[in-house]
Structure formats: C-alpha cells, structure tokens
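The values are calculated or read from the model by the stated rules, or taken from the named source; none is laboratory data. Keep in mind that what you see is a predicted model, and the values were worked out from it rather than measured. Glycine also receives a Cβ, built like all others from the backbone with ideal geometry; neighbour counts cover every protein chain displayed. Note: accessible area is taken over every heavy atom of the protein model, side chains too, but ligands, DNA and RNA are not part of it. Shrake-Rupley method; radii C 1.70, N 1.55, O 1.52, S 1.80 Å.
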Amino acid sequence: MGRQEEDMSALLPDDVLAAVLRRVAPRGLASCRCACRSWRALIDGRRLLRADLLPRSVAGLFLCYYELDLPEFLARPGADLAGLTLPRATVVQDHCNGLVLDWHGVLNPATGRRAYLPDPPPLPALPEEYFLEYDHLAFDPAESPHYQVFSVPSILPAAFGRGMVAADPAADPAVHAAVSRSEWPPSPLVLSVFSSRTGRWEERSFVREGEAAGTVADMDYDSEVAQHSVCWQGALYVHRESDFVFRISLLEDTYRAIKPPKEIEALRGQSLVTLGRSQKGVYIAFIDSKRHLCVWTFDDDARDKMDWKQRYRCDLSGLALATPRRYGRWILQNANNSRDEGGNGNDDEEVLALAGQETEWDSDDEDILGTEDAIQGRYGFTILGFHPYKEIVFLHTSFRGLAYHLKSSKLEDLDDLYPKNYNDVAGHCARIENAFPYTPCWMGEL
C-alpha cells in the first residue's frame, strides 16, 4: 500500500472503515488484513474474520413436526451430523446466526451449550388481556459474542378478530373501545429486552419513525403470521399483523412500521407470507394461488421510504408434473426412529458413508432436476426458508424438500422430509410445523 492510500484510509473513523470491511467476502477480507498493521488490528479487534467460528455455510434444515417430540435435522452432504440436534419437545420461538431460542432459553445446537433465561417482566405499558408477547433473538457474532432477546407485543386474536368476541366477556367495553381506536404500534414502543452481556431483562423505549401501521381495529389478526424475525445490519426485522414488518434499531432506540408490498397487502391474510434473510439482505415472499413464487427485497437505497422492491416472480406450476427419478443426496437423521428407542432410524454406516460424499454442498453444481424429472406437487408448495448466503429458497411439496435457485430457476430434490413411520403416528394430520435453514456457529460460550 502506498503512502498516499495509507494516509487516506487513516482519515476514516474506525467505525466507518469497519462497516466497509464487513461487506468484503472472507477471502478478500483476509487479503485486507495483510495490507497494513492498522487494518489487521481493526479486523482482529472487531472479530471481522473468524471463518472457523462464525456461521458461514448452511449445514442443513431443522424440521419440527406435529405429534413428534424430537425435531429432525436434514443434513446437506458433508455436514457434521454429530451434535446438530435439538432437545426433545423443543418449541422453537426464533433462531439467529446459529443460535436457537426456545421456551427455556438460548441454545447452540453445534456446541450443545445452553443458557437458561430468567422469566421476563410483565408486559410493559399494554393491557395483557388484549396483547401477548413473542420473543425474538438478535445475534451477530461478527459484531459481538453477546445476544439480545426482544419481547415484541402482538395483538391477541381472540380479543379483536373479525366476527370474534373479546377474550373476557366481562371486559370493560370502554377500555375495549379505547384500545381498538389506539395507534398500532404505539410510540414510544416499550419492550422488555434481555441482554446476555448483563444477564437480565430491561425495559427499553423505542420511538417510532414514520407513520403507524394503523389502529388496532385496522389490523388483520386472522392472518397466519410466522413469528420468526431477521437480524440484519444492526436492526431486527419482525413480521407482524397485516404483514407489516417492524424494523427495530438495535443501537438507536428507534423503530419503523414497514408497509408490505401491495400484492401482499391485497391478500388480507389469505396466504402464508415468509420473512427471511438471503444474499441481498431482508426478503419477503409468498406463493400465490397460481403457484407463482413472489419475492421482494428490502430496498436499502430507499431506506427513508422503507420500501420493498420486487426481485423475482417464478412460475412453479411447471415443476409439478411427474415423480422424480431418484432421491436427493441430503440425509434426514430420523432421530424419532433411533435404534436406542427401538425404532428403525438410519443405519450408522449408511449415514457416515452418505455424509462423507462431499466436504461442502456446492449448490451451483448439484443434482438439478429437468422438466422430465419434475416433482409431483399435488399438495402445492410451501416455503421452508431462505438460504442466508445465496438466492435459494427451500420448498416443501408432497413430503419432499426442494432447493429452488431463484436466478436460474434450477430445482434440486433434497430428500423425503418425513421421518420413517411418521404417517402412521400422525395420520392425515402429518405436517411440518416449523422449519429453518441452520448455519452452525462454533463460538464456545453463550
């Protein structure tokens, strides 16, 4: 590096330079680390390059089922199956960068470590007979080894849903009417926030920037809202009523209510909308009645307007013509049928042999299905989640898992998603209740 360039980089504040370097790919960041002593100190001090510890690749999908105690793990080729499990009867509330939040606390499936959380304080500022809280996890190991849990309120459907009566028939009608007319979300929005740095819950007040989503009475509470959130570039994005997204700043104590795309707004809860993170940041998507996969990204260039930009509209109907000629190479653990419990789970030698096929899943050079191999989709498609680093959507149809490449429209058949004998246990109620792509984080402590 020449003296002039070195002097110019020295003019940048450390926070600005770190923000720039954080956008560099790991290989390029390693080269930057060798450029000069100050950059090396900054990269090491901010823990920008910890490829051995940080979540950098998808190991597989965690799947939670109706009527099954144990979640299953669908492992990609070459994934380390040992230790990537969730405890029995785990109810996943949220997940973020390798950590999982359940009813008891935060756990790291890769290391097996768990941290139990104290009970949160009562719902601040909002009457509990009209609102309930969902906990959401914010964790960015490139920024800090500490995580935060945000208890974000949601409108109680039984109290305000169309055609429904209040949860408590004895509730004060005047109070009910006043709550119905109030702005949603309120400003300030008072949240209970747990910090692993302090080990306790604290109340934090967030001031709204921009307009409210509407009044409590305006919201569509009958819509099926997945409660997962997305942590991206210093903000927590939370999916809420009427498919609004709350963008909560982790540092500035401000938030915004982001209006959904017009096509999603017109649904009025008639289709399941999925919020996730992928290559370009925050994504929102749904599959319409004609089997079009519609995908929007949050437009960073229009952040003041908090706008969505449609990125893809893919026709999935042509992918539902016939049965595939061969199964995929991903491996379902079948933990619910392990031999330790008298079941008929996967044979250990078979699993090890399959797991050793590749050292890394190359999603650009995988078993791609042609039109003649297309998946039988008589039950339609549902979205399981987004690949966090590539523009790939994981789908579910006719009991099988698929990886759909948004850029090329290529389709990969992963494997059967139902454990052995699952249909015998759940019958016609068999279904996946929760699913998410998992990126292992090997940092030791929680």
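Taking H as built 1.01 Å from N, whose amide H comes closer than 5 Å to the amide H of L395, not counting residues under 5 places away?
L384, L402, A403, Y404
Hey, rough spin-label estimate for W103 and E211, points 7 angstrom out along Cα→Cβ, what's it come to in nanometres?
4.0
Using only the Cα atoms, work out Rg/Rh for region 83-131, with Rh taken as the Kirkwood radius, to two decimals.
Expressed as Rg/Rh, it is 1.10.
Multiply the residue gap between A426 and E265 by 0.36 nm, knock off their C-alpha separation, and tell me the result in nm, one decimal place. Walk me through the intermediate numbers first.
Details: separation 161, 0.36 × 161 = 57.96 nm, distance 3.43 nm.
The A426-E265 span can extend by a further 54.5 nm.
How would you order 392-399, 248-255 from highest to lowest mean count of nearby Cβ atoms within 10 Å?
Working: 392-399: 21.6, 248-255: 16.1.
Result, highest mean Cβ count within 10 Å first: 392-399, 248-255.
Between R88 and A10, take the C-beta separation as r, use R0 = 51 Å, and let me know the FRET efficiency to the nearest 0.05.
Computed FRET efficiency for R88 and A10 comes out at 0.40.
Could you go through region 254-262 in sequence order and give the Karplus-derived ³J(HN,Hα) for each residue, using 6.51 cos²θ - 1.76 cosθ + 1.60 with θ = phi - 60°, rounded to whole Hz, and x for Gly and Pro?
Per-residue couplings from phi come out as 10, 8, 9, 9, 8, 5, x, x, 4 Hz.
Tell me, in nm to one decimal, what length is gained between D307 and T382 on full extension, where the rule is 0.36 nm per residue of separation less the Cα-Cα distance? Could the numbers behind the result be given before it?
Values: separation 75, 0.36 × 75 = 27.00 nm, distance 2.50 nm.
Gain on extension, D307 to T382, equals 24.5 nm.
What nm distance separates the two modelled labels at H292 and S195, each placed 7 Å from Cα along Cα→Cβ?
Going by the 7 Å Cα→Cβ label model, 4.7 nm.
Could I have the simple spin-label model distance between S57 and A142, label points 7 Å from Cα toward Cβ, reported in nm to one decimal?
It works out to 1.8 nm between the two label points.
For D299, D307, what's the largest-to-smallest order of accessible area, 1.4 Å probe?
D307, D299
Hey, can you grab everything whose amide H is under 5 Å from the amide H of A235? Only 5+ residues off in sequence or another chain; H modelled, so Pro and N-termini drop out.
For A235, whose amide H was placed from the backbone, the distant partners under 5 Å are L250.
For Y116, Y422, Y389, what's the largest-to-smallest order of accessible area, 1.4 Å probe?
Heavy-atom accessible area, descending, gives Y116, Y389, Y422.
Please work out how much length the chain gains when fully extended from T111 to L251, using 0.36 nm per residue of separation minus the C-alpha to C-alpha distance, in nm with one decimal.
Extra length from T111 to L251 when fully extended: 47.5 nm.
Assuming R0 = 51 Å, can you tell me the calculated FRET efficiency for the pair S317 and A174, based on Cβ-Cβ distance, to the nearest 0.05?
0.50
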